[in-house]
Amino acid sequence: MPMSHSSSHTRATVAVAAGRPDRVPGNPLSQPPEFASVRHAPTPSEYGRYTNTSFDAVEAAIGALEGGTAVVFASGMAAISALVEVAVRGRPGLVQPLDGYHGTRALLDATTGLLTDSVDVANTEAFLDALPIGGVAWVESPTNPLITVADLGALADGVAAKDGMLVVDSTAASPVVQRPLELGADVVVHSVTKFLAGHSDLLMGAVVTRNEQLVEALRAHRGLHGAIPGPMDCFLALRGIRTLDVRVQRGQANALELARRLDAHPLVQRVHYPGLPTDPGHEVATRQMDGYGALLSFVLPTAEAADTVCAAAELIVYATSLGGVESSMERRNRQPGEEATHPGLIRLSVGIEDVEDLWADLSAGLDAAADAAG
Ligand SMILES: *Cc1c(COP(=O)(O)O)cnc(C)c1O
């Protein structure tokens, strides 16, 4: 499988073309899932915990999209924990976002001996100030759930000046919106579960980097610890990636329209979405992203109002997670580890439905919440 770190094709094309079998007469167009734990000897790739053509295909596609080499794992958290074990543990310290994904935060905080500090990722100077020499800057951009935007290029320069490592969890953006390696990040992580796979039917994670030593260490770790994705999940994730660009383009166009309408609604106290010119992340996002992504959040006065909106929805799915073709939302503060989030904050992952149908569903819920509040 060719592994190219740069491509003259746009991401829409790469998403369709990468990770396919060679164009040899008789070869299938798509990599079939390889349901095999073992192959006939002798071969250097005999056992399925170390190699499977299904990993290779989805890794080639994710690597080509991000501009690096990808290693896939059984879930986003498996990818993150492998990276922590291989390249983070033992460093002099780590700085993470104030409002990062609660699972990552719990894992980083529980990693023995790792000194962690939490700083607003939008504040580049404060983030870099908190970073010890040789430390790890662990960034999400946009963050989940406050959709805070980090200035990745400026952070990359500052982290390099401190001999540190910049890790960017780019799950909320996806590689058609943002490519952190091109902006100077050392490592990108993805919950492939979300936008990359895109259909809420599997879990997978990926680490992407241009550091080939790190790639080898991650593969060795995966082989020993065993957090491999199954061949069917690889097949489905790659099938999802084929439509990544059209899904994300539609989702982010819908998100921008919904953000504008929510922003004008009397019951909504605040909308977090960098596509709004009034959003604190707007200027940086305009510079470093192609669009503003399909994830937003909005704040209602109370938990009750937010619960009413979630319960009233007939089209938008009331569920956790994000990045599927279907729009979904939840009151984020109900999740353990999200106690610091405003009780009335709803995170909305905007799917590819007709935006008028989405708005009709949302505004009916908002009306119900306004009526209930008197
Ligand atoms: C969901 C998510 C993860 C964890 O990924 P899983 O596939 O659920 O293990 C990590 N980071 C972010 C930003 C996420 O949204």
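The values are calculated or read from the model by the stated rules, or taken from the named source; none is laboratory data. Values in this document were obtained by computation on a predicted structure and should not be read as measured data. As a convention, Cβ positions derive from the backbone with ideal geometry for all residues, glycine included, and neighbour counts pool all protein chains shown.
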| Looking at Ala87, Ala82, Ala36, Ala74, which one is away from the ligand (no atom under 16 Å from the Cβ), buried (at least 16 other Cβ atoms within 10 Å of the Cβ) and hydrophobic (A, V, I, L, M, F, W, C)? | Ala87
| query | If Asp163 passes every condition in (1) within 13 Å of the ligand (Cβ to nearest atom); (2) in a loop (DSSP other than H, G, I, E, B) but one, which one does it miss? | reply | (1)
| task | Give just the number: which of (1) within 18 Å of Pro132 (Cα to Cα); (2) of a type in the set (Asp, Glu); (3) in a helix (DSSP H, G or I) does Glu182 not satisfy? | result | (1)
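The rows are residues; the columns are (1) at pLDDT below 95; (2) surrounded by fewer than 17 Cβ atoms within 10 Å (Cβ to Cβ); (3) within 20 Å of Ala61 (Cβ to Cβ); (4) in contact with a Gly (Cβ under 7 Å, 6 or more places away or on another chain).
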{"site": "Gln213", "(1), (2), (3), (4)": "no, yes, no, no"}
{"site": "Ala220", "(1), (2), (3), (4)": "no, yes, no, no"}
{"site": "His225", "(1), (2), (3), (4)": "no, yes, no, no"}
{"site": "Arg239", "(1), (2), (3), (4)": "no, yes, yes, no"}
{"site": "Arg242", "(1), (2), (3), (4)": "no, no, yes, no"}
{"site": "Val248", "(1), (2), (3), (4)": "no, no, yes, no"}
{"site": "Leu262", "(1), (2), (3), (4)": "no, no, no, no"}
| request: Can you give me the number of residues within region 129-154 that are in a loop (DSSP other than H, G, I, E, B) and either within 16 Å of the ligand (Cβ to nearest atom) or closer than 24 Å to Ser297 by Cβ (or both)? | output: 11
| message | Can you find, within region 340-361, the residue that is surrounded by the fewest Cβ atoms within 10 Å (Cβ to Cβ) among those that are within 15 Å of Ser200 (Cβ to Cβ) and among the β-branched types (Val, Ile, Thr)? | response | Ile352
| request: List every residue pair whose Cβ atoms lie under 7 Å apart, where the two residues are 6 or more positions apart in sequence or sit on different chains, the first residue falls within region 152-166 and is surrounded by 20 or more Cβ atoms within 10 Å (Cβ to Cβ), and the second residue, located anywhere, is charged (D, E, K, R). | output: Met165/Asp186; Leu166/Asp186
| Which one of these does Pro145 not meet: (1) modelled with pLDDT under 95; (2) out of contact with any helix residue (DSSP H, G or I) (no Cβ under 8 Å at 6 or more places or on another chain); (3) farther than 30 Å from His9 by Cβ? | (2)
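Let me confirm something: among His199, His190, which residue is within 19 Å of the chain's Cα centre (by Cα), surrounded by fewer than 17 Cβ atoms within 10 Å (Cβ to Cβ), touching a residue at least 60 places away in the same chain (Cβ under 8 Å) and within 14 Å of the ligand (Cβ to nearest atom)?
From the options His199, His190, the qualifying one is His199.
Residues checked against (1) of a type in the set (Phe, Trp, Tyr); (2) more than 18 Å from Glu353 (Cβ to Cβ); (3) in the same structural domain as Val149 (by TED's automatic domain parsing); (4) in contact with a Gly (Cβ under 9 Å, 6 or more places away or on another chain):
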site	(1), (2), (3), (4)
Asp290	no, yes, no, no
Val299	no, yes, no, yes
Cys310	no, no, no, yes
Ala313	no, no, no, yes
Tyr318	yes, no, no, no
| query | Among the residues of region 265-288, how many are hydrophobic (A, V, I, L, M, F, W, C) and closer than 18 Å to Val355 by Cα? | reply | 2
| query | Taking interchain pairs and intrachain pairs at least six residues apart, which have beta carbon atoms under 7 angstrom, with the first residue in region 52-71 and of a type in the set (Asp, Glu) and the second part of a helix (DSSP H, G or I)? | reply | Glu66/Leu181
| said: Please verify whether Asp99 is acidic (Asp, Glu), surrounded by 17 or more Cβ atoms within 10 Å (Cβ to Cβ) and at pLDDT below 95, treating the condition exactly as stated. | reply: yes
| request: Enumerate the pairs (first residue in region 126-148 and without any contact (Cβ under 8 Å) to a residue 12 or more places away in the chain; second residue anywhere and of a type outside the set (Gly, Ala, Ser)) with beta-carbon separation below 7 Å, excluding pairs fewer than 6 apart on the same chain, so at least 6 apart or on different chains. | output: Ala126/Val119; Ala126/Asp120
| note | Inside region 89-119, the number of residues satisfying the requirement of being farther than 15 Å from Ile133 by Cα and outside any strand (DSSP E or B) is 16
